[in-house]
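I have placed the structure first, in the form of structure tokens, so that the comments after it can refer back to it.
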């Protein structure tokens with residue numbers, strides 16, 4: 001059996017292990033990668049490879065960026081900033097038809113800018129937005145769908161753990177990925193808001209108008225977003241001018257978030273301990289996935305399967321855009337049946353060489369597949385974000401939540417098409433970096 005076939009067999013075994021057993025993603029990646037390396041090289045070489053990979057991976061200072069940004073997001077999550085963000089967005093656009101759903105999407109985008117987590121955004125915004133939309137008799141499909149769709153912005157708008165992992169696994173600049181995600185996230189936010197407007201224009205009873213507030217109240221509500229803007233500007237501007245490395249930006253952001261929460265007395269000792277526990281839990285999970293992915297990546301590299309696949313693709317007599325559409329289709333389907341983070345970790349070593357060999361910008365590819373996998377995060381049968389929203393909206397059947405999510409499918413499709421037609425959406429801001 002050729003080494004390429006062994007690589008393909010390893011991927012098949014990994015899929016079977018993930019779908020038919022309860023094995024965690026990190027252990028599945030590590031075990032299949034180790035056994036595959038044994039088959040291709042030798043047992044002794046595989047043992048040495050695991051030791052060297054673990055040491056070289058976890059001795060990198062760059063990896064501290066993960067717990068730092070996770071900690072910042074958890075502090076923001078526990079401090080209750082989400083309520084201020086929602087109230088500000090509601091005061092400005094809640095009085096128009098569908099405005100409360102639009103405000104929900106806008107608040108999700110602002111919260112995502114300092115949180116970086118889909119599920120955390122879904123959990124926090126559900127507690128604030130769903131009761132308000134129920135009060136004004138919003139259709140449950142629109143209310144749950146807007147929260148779920150808006151929550152996916154958590155991994156597109158920086159800081160994002162997904163972009164960090166893409167940067168580490170493809171040796172790209174994390175800073176440039178952040179800025180590329182900002183452009184794509186802004187476009188997706190506007191499309192989601194436009195989606196709400198169109199739905200409420202067709203079905204006015206789905207999004208009744210909310211209370212209108214005076215201009216002074218609108219201005220006063222902006223004060224509640226000051227700390228969010230400060231955190232976001234600190235991170236992006238600091239990274240842009242080179243004052244921070246990504247890890248330092250995460251540490252500074254976490255410290256500033258803690259200072260803001262302490263000054264405003266928004267966090268108790270118990271909540272702070274909860275934030276630390278959740279940070280430890282999430283960071284360990286991500287670190288284990290990184291370790292497993294590195295071992296699996298070494299196995300794929302020694303089989304040369306990704307590179308042989310790239311060479312084979314170049315011989316196909318089809319336009320390269322067709323190949324990319326097929327790859328994106330795989331990501332859409334994979335995102336529906338698999339966790340987005342695990343999907344990216346497994347597939348990037350396979351498809352990244354193909355995309356670069358076809359001449360596509362690696363930064364554009366990373367941003368685009370992130371947007372595509374966020375769509376998978378709300379799609380059945382997995383749809384982790386959708387499950388979170390459904391758990392918070394106990395009076396809404398699961399099928400109605402999925403129907404609500406389907407309302408926003410056009411926004412994702414248009415965003416992906418725009419990224420393909422106008423790559424500058426993802427590459428222009430990073431090109432300005434020194």
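Can you order the peptides 153-162, 170-179 by their average number of other Cβ atoms within 10 Å per residue, highest first?
Details: 153-162: 27.9, 170-179: 20.4.
Top of the packing list down: 153-162, 170-179.
Rounded to the nearest 500, what is the 222 nm mean residue ellipticity of the chain from helices alone, with -39500 (n - 2.57) per DSSP H run of 4+ residues and division by all residues?
The helix-only estimate for the chain comes to -26000 deg cm²/dmol at 222 nm.
At each listed q (0.13, 0.14 Å⁻¹), what is the log10 of I(q)/I(0) that the Debye formula gives for the chain modelled as equal alpha-carbon point scatterers?
Result of the Debye calculation: -1.16, -1.33.
Taking the chain as the reference, fit the longest principal axis to its C-alpha atoms, fit the long axis of helix 174-202 to the helix C-alpha atoms, and give the angle between the two in degrees, 0 to 90, nearest 10.
50
Within the stretch 164-191, list the residues whose amide N lies under 11 Å from a label point set 7 Å along Cα→Cβ of residue 54.
The answer is none.
Using the alpha-carbon atoms, what tilt in degrees (0 to 90, nearest 10) does helix 140-151 show relative to the longest principal axis of the chain?
50
Can you tell me which of 321-328, 35-42 comes out highest on packing, and rank the rest after it, using the mean Cβ neighbours within 10 Å?
Working: 321-328: 15.2, 35-42: 18.1.
My ranking of the peptides, most packed first, is 35-42, 321-328.
Once you place label points 7 Å from the Cα toward the Cβ at residue 237 and residue 262, how far apart are they in nm?
Placing both labels 7 Å beyond Cα along the Cβ direction yields 2.3 nm.
Quick note: the coordinates plus some simple rules give every number you see, no bench work behind them. Predicted, not measured: the structure shown is a model, and the values here were computed from it. We place every Cβ from the backbone using ideal geometry, glycine too, and count neighbours over all the protein chains shown.
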